[in-house]
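The structure appears below as structure tokens.
The values are calculated or read from the model by the stated rules, or taken from the named source; none is laboratory data. Keep in mind it's a predicted model, so treat the numbers as computed, not measured. When we count neighbours, we look across all protein chains shown, and the Cβ atoms used for this are built from the backbone with ideal geometry, even at glycine.
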Amino acid sequence: MECHVTAQAGQFALDIALSTAAEPNWLGIIGHSGAGKSTLLQALAGFNTGASVTGRWHGKDLSKFENAVLVSAQTPLFPALNVADNLAVVARYNQQQGRVKTIVALCECSALMSRQTNELSGGELQRVKLARALLANPTLLLLDESFSAMDRALRFGILQNLKAYLGQHVKVIMVSHDINDIIVSCDHVSIIENGHCVACGPLNEMLNPAAHNTHLSLPLISLLHGEIKARNKGVSRISIGETLVNVIDESDLPVSHSVRLLIPASEVTLATECSTALHTNCLQGTVQSVVPYSATQSAVTIEVEGQKLAALLDNYDSRTSALQAGQLIWAYFSGQQTLL
């Protein structure tokens, strides 16, 4: 993917160059407020006539991408129509009447169809706007904080269903302040600061401690792959390689389903010997590296069951300087982790 966008929004100048060796289907954009994320999406959607867009994505010219659809807080609905009629107008115009039922269910809008738009909560409005965007039959879907008002379980469920529904046919660029939304859906991520792209790459590489430096705003999070082995009273028993861990799980994922476990490095406790006193999940591994993470902390990368787990140690902790590559270590974390 190659993309270069320049635009002016008042006194703010945008000059963003995105480049990835691969061709992601979902690209996540993160950055602080005012960094230029929304300006970028508006330019790609064609709403900024003074913007310059060049580049190619999956062989298509980004300046001529057919049917780019933007979903944002500013996306208007027809105030005189109820939800069902709002969706019907767009479905008829784009000859998508046969998909209305599927999309309404995907966006959890079934109970909203008879409601007026001024009666909807923020999360309900976001679901209706997403449904209407899908009925516009986009080839490029631009999502600007389109899930921010939904609770975590709802937005994760919709994101996973949306990803499966769109498949390889629709390309998505997604802006979110919540890194968990990006991790759930995106395979690549770009970080925007002051109208410029400061980092861009595959999600797994961007979450690696070695990728971190002072200007990156990604938190340090590990993604461990596993499988649900059993469920009981809201707790799933997950196999990470040969080790079993317990995770609080309110989803309806079936036993034997492959899952990803998100573990923030800040929630991992390290010990140089196994302790039965810590009644939490435990993974045994070996230290791979210890690198500076911030002025006060170091990031420790551990290999566990053939996967990488990150932890943070304070620099004043005497264990930090004592850790050596290849050293046996035990990593502890609670069962209150995000399961995808």
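Hey, could you check the stretch 306-321 for residues that are over 25 Å from the mean Cα position of the chain (by Cα) and assigned to a loop (DSSP other than H, G, I, E, B) and say which is modelled with the lowest pLDDT?
D317
Picking from S251, S222, S258, which residue would you name as being over 16 Å from G306 (Cβ atoms) and modelled with pLDDT under 90?
S251
Please specify each residue of the stretch 4-31 satisfying the condition of being closer than 17 Å to C186 by Cα and among the hydrophobic types (A, V, I, L, M, F, W, C).
The answer is L18, A21, A22, W26, L27, I29, I30.
What are the residues in the stretch 73-93 that are under 23 Å from the mean Cα position of the chain (by Cα) and free of Cβ contacts under 8 Å to residues at least 12 places away in the same chain, if any?
The one that is under 23 Å from the mean Cα position of the chain (by Cα) and free of Cβ contacts under 8 Å to residues at least 12 places away in the same chain: Q74.
Quick check on the stretch 2-57: of everything there that is at positive phi and assigned to a loop (DSSP other than H, G, I, E, B), which residue is modelled with the lowest pLDDT?
Only one residue fits best here, namely G10.
Looking at the stretch 1-51, which of the residues that are small (G, A, S) and surrounded by fewer than 14 Cβ atoms within 10 Å (Cβ to Cβ) is farthest from I173 (Cα to Cα)?
Across the stretch 1-51, the extreme among qualifying residues is G10.
Which numbered condition trips up A295, out of (1) part of a loop (DSSP other than H, G, I, E, B); (2) crowded, with 18+ Cβ neighbours inside 10 Å?
(2)
For the stretch 58-72: of the residues being part of a loop (DSSP other than H, G, I, E, B) and touching a residue at least 60 places away in the same chain (Cβ under 8 Å), which is nearest to the chain's Cα centre (by Cα)?
Here the answer is S72.
Here are some residues: S185, S110, S148. Which one is closer than 25 Å to H4 by Cα, among the polar types (S, T, N, Q) and either surrounded by fewer than 19 Cβ atoms within 10 Å (Cβ to Cβ) or assigned by TED's automatic domain parsing to the domain that holds A45 (or both)?
Checking each option against the conditions leaves just S185.
Sort through L224, L270 and tell me the only one that's within 20 Å of the chain's Cα centre (by Cα), buried (at least 16 other Cβ atoms within 10 Å of the Cβ) and not small (G, A, S).
The conditions single out L224.
Here are the criteria: (1) within 19 Å of G157 (Cβ to Cβ); (2) touching a helix residue (DSSP H, G or I) at 6+ places or on another chain (Cβ under 6 Å). Tell me which single one V291 does not satisfy.
In the conditions (1) within 19 Å of G157 (Cβ to Cβ); (2) touching a helix residue (DSSP H, G or I) at 6+ places or on another chain (Cβ under 6 Å), V291 misses (1) alone.
Pick from the stretch 115-136 the residues that are out of contact with any helix residue (DSSP H, G or I) (no Cβ under 6 Å at 6 or more places or on another chain) and closer than 15 Å to A80 by Cβ: which of them is surrounded by the most Cβ atoms within 10 Å (Cβ to Cβ)?
The selected residue is T117.
Quick test for you: out of S114, S121, S148, pick the one residue that is hydroxyl-bearing (S, T, Y) and within 20 Å of the chain's Cα centre (by Cα).
S148
Out of Q324, Q288, which single residue is without any contact (Cβ under 8 Å) to a residue 40 or more places away in the chain, part of a strand (DSSP E or B) and out of contact with any Cys (no Cβ under 9 Å at 6 or more places or on another chain)?
Unique residue meeting the criteria: Q288.
Please verify whether Q288 is in the same structural domain as E273 (by TED's automatic domain parsing) and loosely packed, with under 14 Cβ neighbours inside 10 Å, treating the condition exactly as stated.
No; evaluated as a whole, the condition is false for this residue.
Going by the structure shown, is V100 under 17 Å from the mean Cα position of the chain (by Cα), in the same structural domain as D61 (by TED's automatic domain parsing) and surrounded by 16 or more Cβ atoms within 10 Å (Cβ to Cβ)?
No: the conditions fail for V100.
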